[in-house]
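A.B. asks: Here it is, the structure, as structure tokens.
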Amino acid sequence: MIRKPLVSIVSAGLSKFGRLEGMYGREIFAEAAKEAFERCPNLNPAKDIEALFVGHMGESYEHQGHTGPTLADWAGLLPKPAMRLESACASSGVALRTGIFAILSGMHDVVMVGGVEKMTHRTTSEVTEFLAMASDFPFEQWHGITFPGLYALMATAHMHKYGTTEEQMALVAVKNHHNGALNPKAHMQKEITLEKAMSSRVIAWPLKLYDCSLITDGASCLILTRPDLAKKFTDTPIHIIGSGQASDAIGLYEREELSTLNAGRLAGQEAYKMAGVKPKDLDVAEVHDCFTIAEIIAYEDLGLCKPGKGGSLVEKGATTLDGEIPVNTSGGLKSKGHPVGATGTAQAYELYLQLTGQADRRQVSGVEIGLSHNVGGSGATATVHIYRRE
Amino acid sequence: MSETRPFTMESFYKFVSERKLVAAKCNECGTMLLPPRPVCTKCLSTDFKWVELKGKGKLLSYTVIHVSPVQFQSMAPYTVGILELEDGPHLPGMIRGVKSEKIRVGMDLKVDFDTSIPAQWPLWPRYFFSLPRSPHGSS
């Protein structure tokens with residue numbers, strides 16, 4: 001039985017994703033906040049929003065910490081309390097969950113959650129180094145292991161254990177670029193062929209350029225409220241009915257099994273149980289495809305298929321826009337882009353569009369229930385949220 | 001080993017500078033901790049002993065890194081992997097002296113030491129993985 005909502009989303013905003021030259025992260029966040037405010041004319045932001053929770057991964061990109069009040073200021077929310085949550089690439093998935101806590105606790109009735117990252121002004125080598133800070137320093141970074149390297153280690157293990165192929169991974173990229181080409185806010189709005197993906201340069205074998213998500217600038221946000229107050233703000237609220245989160249060792253090498261993310265599995269199980277839904281009930285999902293192998297592992301960890309069958313699931317087209325369970329209709333991290341701190345609530349933004357019928361050329365028909373899956377680091381943090389329409 | 005060094009990662013790397021691969025073994029519950037930790041994650045004991053590991057293992061997974069952080073650019077492309085040590089723990093590190101096309105999941109590798117970096121936090125000497133010496137000299 002589907003359970004009652006934890007909280008309701010009454011509005012959502014997303015900046016353009018891409019190379020936003022000459023803009024600071026806080027300026028990009030203001031663009032996302034403006035959209036959320038304009039979508040919801042019944043909301044008086046400075047008066048109604050009681051607190052801000054934002055995901056932001058790294059001070060290194062802009063030499064700027066203390067992100068909470070900075071974003072509150074640029075969104076016009078001073079003097080409301082604001083805090084920044086850091087959980088690597090799951091920062092805003094965790095910010096969303098923290099916003100849910102704030103409402104369920106009774107402390108706040110209306111909160112804004114979101115995230116931001118400004119990355120593209122840095123060189124690829126610098127970004128590689130900054131992202132690696134979310135992995136273990138003494139045993140991983142110190143030995144030259146990068147983020148693509150960690151997911152490549154998972155890919156090699158998955159290929160060895162299950163026979164997953166480089167072509168199957170490339171098909172994830174082809175699918176997500178197809179979806180991203182339909183998303184006017186995506187970073188890279190162009191289709192790619194399997195041949196192009198397979199012949200792209202090696203980043204960390206077996207992962208090639210088109211197996212990797214993009215280095216992107218962007219921001220995202222949601223306005224959450226108590227379900228009984230939602231109709232005051234909108235006729236079409238989207239309800240969050242399940243929330244799960246789990247942790248794992250920061251070092252990939254400390255884990256028993258390299259071909260699955262235990263935190264992702266546990267967060268999924270918790271969210272499904274809370275929501276009272278099963279994987280077969282999902283109509284649409286946004287999963288954390290920081291690398292193509294990560295989407296294949298996510299299918300398995302979230303029960304969309306059996307362990308080891310993720311490669312064949314994408315091969316048979318089950319996760320395309322017109323498949324049984326469309327995954328990453330937004331284009332995913334792969335094509336929409338991955339401004340790391342913004343990703344968790346950007347996934348929720350896509351589900352908000354899908355569940356309110358506003359996803360335009362990538363709209364899936366008859367969408368009732370959606371899921372988002374946001375992973376930090378090589379899987380030391382994972383959050384899963386389940387949404388349903390009014 | 002009768003050693004009284006603190007059960008920290010710095011101690012681990014000081015042993016590396018002496019060409020020794022060690023783990024902390026809990027005297028209460030027997031858990032082998034690598035990285036060593038000051039408190040046992042299984043039983044909360046702080047009573048450990050250092051054990052020297054054989055430094056042999058099987059390769060669980062590997063990758064060849066082409067795009068590296070700034071400080072590793074002169075070495076790229078280089079190969080890293082995760083070793084399942086015969087003594088139990090897993091250890092990540094670079095694989096040196098083996099052509100990437102010869103590397104296979106499941107192959108035997110041994111732990112070796114590069115002590116060219118002095119042991120002073122945060123710079124530590126590195127261990128790495130290489131082919132074990134074959135009695136026939138074929139490897």
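A.B. asks: Tell me, please, whether a residue that is out of contact with any Ser or Thr (no Cβ under 9 Å at 6 or more places or on another chain), within 13 Å of another protein chain (Cβ to nearest Cβ) and of a type in the set (D, E, K, R) can be found in the range B:75-90. Steps first, please.
C.D. replies: To start, the set of residues in the range B:75-90 that are out of contact with any Ser or Thr (no Cβ under 9 Å at 6 or more places or on another chain) comprises B:83-90.
Subset that is within 13 Å of another protein chain (Cβ to nearest Cβ): B:83-85, B:88-90.
Those still in the list that are of a type in the set (D, E, K, R) too: B:84.
Yes; the residues of the range B:75-90 include at least one that is out of contact with any Ser or Thr (no Cβ under 9 Å at 6 or more places or on another chain), within 13 Å of another protein chain (Cβ to nearest Cβ) and of a type in the set (D, E, K, R).
A.B. asks: OK, next. Specify the residue that is surrounded by the fewest Cβ atoms within 10 Å (Cβ to Cβ); the eligible residues are those in the range A:215-246 that are assigned to a helix (DSSP H, G or I) and of a type in the set (D, E, K, R). Steps first, please.
C.D. replies: Taking the range A:215-246 as the starting set, the residues that turn out to be assigned to a helix (DSSP H, G or I) are A:227-233.
Cutting the leftovers down to of a type in the set (D, E, K, R) gives us A:228, A:231-232.
Numbers: A:Asp228: 10, A:Lys231: 15, A:Lys232: 15.
Among those that are assigned to a helix (DSSP H, G or I) and of a type in the set (D, E, K, R), it is A:Asp228.
A.B. asks: Next question. The conditions are (1) surrounded by fewer than 20 Cβ atoms within 10 Å (Cβ to Cβ); (2) in contact with a Leu (Cβ under 7 Å, 6 or more places away or on another chain); (3) not hydrophobic (A, V, I, L, M, F, W, C), and B:Tyr127 fails exactly one of them. Which is it?
C.D. replies: (1)
A.B. asks: So which residues in the range A:351-379 are part of a helix (DSSP H, G or I) and more than 19 Å from the chain's Cα centre (by Cα), if there are any at all? Lay out the reasoning, then the answer.
C.D. replies: Kept after step one, since they are part of a helix (DSSP H, G or I), are these residues of the range A:351-379: A:351-355, A:360-362.
A:Asp360, A:Arg361 - these are the residues of the range A:351-379 that are part of a helix (DSSP H, G or I) and more than 19 Å from the chain's Cα centre (by Cα).
A.B. asks: Further, regarding this structure: Test each condition in (1) of a type in the set (Gly, Ala, Ser); (2) assigned to a helix (DSSP H, G or I); (3) without any contact (Cβ under 8 Å) to a residue 12 or more places away in the chain for A:Ala346 and report the one that comes out false.
C.D. replies: Unmet condition: (3).
A.B. asks: Can I ask one more? Tell me which residues, restricted to the range B:63-77, are in contact with a helix residue (DSSP H, G or I) (Cβ under 7 Å, 6 or more places away or on another chain) and modelled with pLDDT of 95 or more.
C.D. replies: B:Thr63, B:Val64, B:Ile65
A.B. asks: Among the candidates A:Leu131, A:Leu150, single out the residue that is within 14 Å of another protein chain (Cβ to nearest Cβ), farther than 19 Å from A:Thr319 by Cα and open to solvent by less than 20 Å² (accessible area, probe 1.4 Å).
C.D. replies: Numbers: A:Leu131 fails: open to solvent by less than 20 Å² (accessible area, probe 1.4 Å).
Of A:Leu131, A:Leu150, the one residue that is within 14 Å of another protein chain (Cβ to nearest Cβ), farther than 19 Å from A:Thr319 by Cα and open to solvent by less than 20 Å² (accessible area, probe 1.4 Å) is A:Leu150.
A.B. asks: Among A:Leu209, A:Leu194, which is the only one that is within 14 Å of another protein chain (Cβ to nearest Cβ), surrounded by fewer than 23 Cβ atoms within 10 Å (Cβ to Cβ) and free of Cβ contacts under 8 Å to residues at least 60 places away in the same chain? Please lay out each step first, then the result.
C.D. replies: Values: A:Leu194 fails: within 14 Å of another protein chain (Cβ to nearest Cβ).
None of the others qualify; the one that does is A:Leu209.
A.B. asks: Still on this model: So which residues in the range A:283-318 are more than 17 Å from the chain's Cα centre (by Cα) and part of a loop (DSSP other than H, G, I, E, B), if there are any at all?
C.D. replies: A:Asp283, A:Gly303, A:Leu304, A:Cys305, A:Lys306, A:Pro307, A:Gly308, A:Lys309, A:Lys316, A:Gly317, A:Ala318
A.B. asks: Another question about this same structure. Which of the residues belonging to the range A:130-175 are in a loop (DSSP other than H, G, I, E, B), among the hydroxyl-bearing types (Ser, Thr, Tyr) and farther than 20 Å from A:Val340 by Cα? Even if it seems obvious, please write down each step before you answer.
C.D. replies: Taking the range A:130-175 first, the residues in a loop (DSSP other than H, G, I, E, B) are A:133-140, A:144-146, A:163-165.
Those left that are additionally among the hydroxyl-bearing types (Ser, Thr, Tyr): A:135, A:146, A:164-165.
Across the range A:130-175, the qualifying residues are A:Thr164, A:Thr165.
A.B. asks: Filter the range A:44-55 down to the residues that are farther than 18 Å from A:Leu131 by Cα and either open to solvent by 10 Å² or more (accessible area, probe 1.4 Å) or outside any loop (DSSP other than H, G, I, E, B) (or both) and list them by number. Walk me through it before giving the result.
C.D. replies: Keep residues of the range A:44-55 that are farther than 18 Å from A:Leu131 by Cα, which gives A:44-54.
Within the range A:44-55, A:Asn44, A:Pro45, A:Ala46, A:Lys47, A:Asp48, A:Glu50, A:Ala51, A:Leu52, A:Phe53, A:Val54 meet the criteria.
A.B. asks: Hey, another quick one. Being without any contact (Cβ under 8 Å) to a residue 12 or more places away in the chain, more than 14 Å from chain B (Cβ to nearest Cβ) and small (Gly, Ala, Ser): is that true of A:Gly106 here?
C.D. replies: Details: without any contact (Cβ under 8 Å) to a residue 12 or more places away in the chain: yes; more than 14 Å from chain B (Cβ to nearest Cβ): yes; small (Gly, Ala, Ser): yes.
So A:Gly106 passes the test.
A.B. asks: Here's another thing I want to ask about it. Testing A:Ser259 on (1) within 14 Å of another protein chain (Cβ to nearest Cβ); (2) under 25 Å from A:Ala342 (Cβ atoms), one condition comes back false. Which one is that?
C.D. replies: Evaluating A:Ser259 over (1) within 14 Å of another protein chain (Cβ to nearest Cβ); (2) under 25 Å from A:Ala342 (Cβ atoms) leaves (2) as the failure.
A.B. asks: For B:Tyr62, state whether it is open to solvent by less than 80 Å² (accessible area, probe 1.4 Å) and within 23 Å of A:Tyr162 (Cα to Cα).
C.D. replies: On the way: open to solvent by less than 80 Å² (accessible area, probe 1.4 Å): yes; within 23 Å of A:Tyr162 (Cα to Cα): yes.
So B:Tyr62 passes the test.
A.B. asks: Quick check on my filter: what residues within the range A:157-180 are at the interface with chain B (Cβ under 10 Å from one of its Cβ atoms) and without any contact (Cβ under 8 Å) to a residue 60 or more places away in the chain? Let's see the steps before the verdict.
C.D. replies: From the range A:157-180, those at the interface with chain B (Cβ under 10 Å from one of its Cβ atoms) are A:157-161; that's our starting set.
Once the filter is applied, which keeps residues that are at the interface with chain B (Cβ under 10 Å from one of its Cβ atoms) and without any contact (Cβ under 8 Å) to a residue 60 or more places away in the chain, the range A:157-180 yields A:Met159, A:His160.
A.B. asks: If you don't mind, another one. List the number of the failed condition for B:Thr4; all other conditions in (1) over 17 Å from the mean Cα position of the chain (by Cα); (2) surrounded by 18 or more Cβ atoms within 10 Å (Cβ to Cβ); (3) of a type outside the set (D, E, K, R); (4) outside any strand (DSSP E or B) hold.
C.D. replies: (2)
Table: residues versus (1) assigned to a helix (DSSP H, G or I); (2) open to solvent by 70 Å² or more (accessible area, probe 1.4 Å); (3) in contact (Cβ under 8 Å) with a residue 60 or more places away in the chain.
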{"position": "A:Ser8", "(1), (2), (3)": "no, no, yes"}
{"position": "A:Glu21", "(1), (2), (3)": "no, yes, yes"}
{"position": "A:Phe29", "(1), (2), (3)": "yes, no, yes"}
{"position": "A:Phe37", "(1), (2), (3)": "yes, no, no"}
{"position": "A:Met57", "(1), (2), (3)": "no, no, yes"}
{"position": "A:His63", "(1), (2), (3)": "no, yes, no"}
{"position": "A:Thr70", "(1), (2), (3)": "yes, no, no"}
{"position": "A:Leu77", "(1), (2), (3)": "no, no, no"}
{"position": "A:Arg84", "(1), (2), (3)": "no, no, no"}
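The values are calculated or read from the model by the stated rules, or taken from the named source; none is laboratory data. Please read all numbers here as calculations on a predicted model, not as lab measurements. Note that we place each Cβ from the backbone using ideal geometry, even for glycine, and neighbour counts take in every protein chain shown. Keep in mind that these areas ignore ligands, DNA and RNA; they rest on the heavy atoms of the full protein, side chains included. Shrake-Rupley method; radii C 1.70, N 1.55, O 1.52, S 1.80 Å.
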